[in-house]
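Please treat every number below as a calculation from the coordinates, not as lab data. Because the structure is predicted, anything quoted here is derived from the model rather than measured. Cβ: placed from backbone, ideal geometry, glycine included. Neighbour counts: every protein chain shown.
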Amino acid sequence: MLGVFRHQANGARLIVSKFLGQGKGGCSVRRPFVHASPLSRGMADVAVVADKMNVRDALNSALDEELTRDPLVYVMGEEVGQYQGAYKITKGLLEKYGIERVRDTPITEMGFTGIGVGSAFYGLKPVVEFMSINFAMQAIDHVINSAAKMLYMSGGKISVPIVFRGPNGAAAGVGAQHSQCFAAWYGSCPGLKVLMPYDAEEARGLLKAAIRDPDPCIFLENELLYGVEYPMSAASKDKDFTLPIGQAKIMREGKDVTIVTFSRQVEIALKAADILAKDGISAEIINLRSIRPLDRPCINNSVRKTSRLVTLEEGWPQHGVGCEIIATICDESFFYLDAPPERICGADVPMPYAVNLEALAVPTMDDIIRIVKRCCHRGRAAA
């Protein structure tokens, strides 16, 4: 059986090579080749030893270690090789692992995503990078109808160990077609696991967990966090460090209200909690980390303690992640509530390009403080 598996995996490599080309430079992409600096060339060889690390380096280190650990893992996408990634997440990997395992692709998401999914059917473990997760819409059939459903449709015989990753959600001045949040879109699909890290430690631990997972994972990053440094624990520096998929994290304990959020909004929620504390409101902050599976026990336990719930997300309000969380609480913890749950979302419009309008389309600190205070001053126990 092992010999058959190896034969199938080798066949998958040949398929990938045939479609993506064997030339030294790989396939043509958006930008010309830019020589890496000596520092960037060595980036993939640097061990994780720092007490702080930015999200970009955390993702790079996770990819590097998993490529070393498992020869079936490979990376593919537009500009991931010679240009070292549009956001330099794959910096240094082409030089270290070669074009067999770091594959530049044409600008055709439908094509290279299909190749990635097909190779996963045969036992390889592709990490497919979308320059923006918005472009994954070009390949949605492969993601949903092929990757997400294959385990079910094959009667549990064919797993699809693939990771789809890229920047998601609002950035800065990139317009409507590059700014929507896909957490709720993918979170509604059976067969997918949807992960959204906040800081560097989560980015590193969750990406490594996603690559090792036998199921297709959607890994949604935030462009505005790539260059931000965060503390790293001693445990997170280990090459086998992973974080459990489906487990939320309580970032701050509180007793008056539960705020459930994820990705970049965690940072805003923590800052808002500091301000609310000065007004005597103790907010508990839950960082979901995993949209699907959703850590319902963590949310329920918190709301049963605080008796109030506010959800925070930058995505559109209709059918959002907050809707699912509130539905869960109404189903499972309704009689613990002292006030109606509240939602804080992005505006129900495509993201504007103008800077002043863009700022109005995403939740602000003032929004959080105002709505949390409204929640805490309502209900039978407010007085």
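Extension gain LYS305-VAL174, at 0.36 nm per residue separation less the Cα-Cα distance, in nm? The partial results should precede the final answer.
On the way: separation 131, 0.36 × 131 = 47.16 nm, distance 4.07 nm.
Extra length from LYS305 to VAL174 when fully extended: 43.1 nm.
Compute the FRET efficiency between THR364 and LYS157 as 1/(1 + (r/R0)^6), taking r as their Cβ-Cβ distance and R0 = 51 Å, and round to the nearest 0.05.
On the way: r = 49 Å, r/R0 = 0.97.
It comes out at approximately 0.55.
Going by how many other beta carbons lie within 10 Å of each one, how would you line up LEU67, LEU207, fewest first? Mind showing how you got there, number by number?
Working: LEU67 22, LEU207 29.
With the fewest neighbours first, LEU67, LEU207 line up as LEU67, LEU207.
With the calculation restricted to Cα positions, what are the radius of gyration and Dmax of segment 249-376 in angstrom?
Every Cα atom of segment 249-376 included, Rg and Dmax give 13.9, 44 Å.
Can you tell me the 0 to 90 degree angle between the C-alpha axis of helix 365-376 and the longest principal axis of the chain, rounded to 10?
Around 50 degrees separate the two axes.
Taking the chain as the reference, fit the longest principal axis to its C-alpha atoms, fit the long axis of helix 265-278 to the helix C-alpha atoms, and give the angle between the two in degrees, 0 to 90, nearest 10.
That works out to roughly 20 degrees.
May I ask you to compute the full-extension gain from SER233 to ALA327, defined as 0.36 nm times their residue separation minus their alpha-carbon distance, rounded to one decimal in nm?
30.3 nm
By what distance, in whole Å, do the Cα atoms of segment 98-168 stretch along each of the three principal axes, largest value first?
The principal-axis extents, from largest down, are 33, 28, 18 Å.
Hey, got the Cα dimensions of segment 137-213 along the principal axes, in Å, largest first?
Result for segment 137-213: principal-axis Cα extents of 45, 29, 17 Å.
Calculate how steeply helix 321-332 sits against the longest principal axis of the alpha-carbon atoms of the chain, using the helix alpha-carbon long axis, and give the answer as 0 to 90 degrees to the nearest 10.
60 degrees
Calculate the FRET efficiency for LYS271 and GLN138 from the Cβ-Cβ distance with a Förster distance of 41 Å, rounded to the nearest 0.05.
Working: r = 36 Å, r/R0 = 0.88.
E between LYS271 and GLN138, to the nearest 0.05, is 0.70.
Please list, in chain and number order, the residues 5+ apart from LEU309 or on another chain whose amide H is under 5 Å from its amide H, with Hs placed from the backbone.
Correct list: THR258, GLU342.
By how many nm would the segment from ASP70 to LYS96 grow when fully extended, if each residue of separation counts as 0.36 nm and the alpha-carbon distance is taken off?
Details: separation 26, 0.36 × 26 = 9.36 nm, distance 1.44 nm.
Extra length from ASP70 to LYS96 when fully extended: 7.9 nm.
Among SER302, SER188, SER263, which comes first, second and so on when ranked by fewest other beta-carbon atoms within 10 Å?
On the way: SER302 23, SER188 14, SER263 26.
Ascending number of Cβ neighbours within 10 Å: SER188, SER302, SER263.
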